[in-house]
Amino acid sequence: MSNFNSDGSQDHDGDDRGELAWNEFDWERYLREQDGTVSRYLTFYEAAQGDRNRIDTVAEKMGWGHDDWSDDGDADDSEDDDDDDDDDDSASFDDEVYTVHQNPIFIATKAIALGLRQSWEKLAMDGTKVPQPLGVGLLGSLNRCEEHAVQAIHALDFGDYAMAVSLFKRAMSSLNHALSLLNDEAVAQHAVVATWRGDALPRLFDLREIWLRVMAECREECDRPVDGEN
């Protein structure tokens, strides 16, 4: 997968944390920074909706085209050496630890799913615009889709590629269920839902494309001979 490092665990084993001892405040600050990264991805993604290659375009804007992204954070940070001390402190803070929140697949999945879920929740709150069964059913599918994908990304970080493929397949099944709900003839009877569908379909297909790329890499890893085997 050209612009994503699917195995975020490389060079980030738990033992590398050494004597790191963070308190609750440190972790809260770290998690807020990672939430900001998801928001930044979503901002880039929204701006690239007219780009056929938006998945790769956004990945490049995030700095994921560089091999050492997982080790050094955003590779483009070197251009900001003259920024204030707060930025330097933030960079060093991030370099102290790696969690799944820094995995590019995690960030892309969370960001695209967040955009879909927020827009659908806002629309479905009006029962006069969205039938209740569709509102609840689609939201459930989106949540299950994201949940299985996040579990798959955790498996990636542990290097369990076969399990990752199985979990991504579950995510794809939930995604397909969401598509089937949106393709129902009844959707055309509700103008606002049909409009939302037109905007949501490319995003759902982008999620599927990202996961298919990672699944292909995982299968390559599973088929790779173990050291010492012929």
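The values are calculated or read from the model by the stated rules, or taken from the named source; none is laboratory data. Here the structure is a predicted model, which is why all the values come from computation and not from measurement. All Cβ positions, even for glycine, are placed from backbone atoms using ideal geometry, and neighbour counts span all protein chains on display. In case anyone asks, the SASA skips ligands and DNA or RNA and just uses the protein heavy atoms, side chains included. Shrake-Rupley method; radii C 1.70, N 1.55, O 1.52, S 1.80 Å.
Which residues, counting only those in the stretch 191-207, are aromatic (F, W, Y) and open to solvent by less than 40 Å² (accessible area, probe 1.4 Å)?
W196
Does the stretch 133-161 hold any residues that are under 17 Å from C222 (Cα atoms) and among the small types (G, A, S), and which are they?
Correct list: A152, A155, G159.
Restricting the search to the stretch 37-55, which residues are more than 14 Å from G115 (Cα to Cα) and free of Cβ contacts under 8 Å to residues at least 12 places away in the same chain?
Within the stretch 37-55, G50, D51, R52, N53 meet the criteria.
Test L167 against the criterion of being under 17 Å from S119 (Cα atoms), under 21 Å from the mean Cα position of the chain (by Cα) and at pLDDT 95 or above, and give yes or no.
no
Can you find a residue that is within 20 Å of I107 (Cβ to Cβ), in a helix (DSSP H, G or I) and open to solvent by 10 Å² or more (accessible area, probe 1.4 Å) anywhere in the stretch 179-187? Outline the logic, then answer.
Initially, the stretch 179-187 is screened for residues within 20 Å of I107 (Cβ to Cβ), giving none.
No; the residues of the stretch 179-187 include none that is within 20 Å of I107 (Cβ to Cβ), in a helix (DSSP H, G or I) and open to solvent by 10 Å² or more (accessible area, probe 1.4 Å).
Scan (1) hydroxyl-bearing (S, T, Y); (2) touching a residue at least 12 places away in the same chain (Cβ under 8 Å); (3) not in a helix (DSSP H, G or I) for the single condition T128 breaks and write down its number.
(2)
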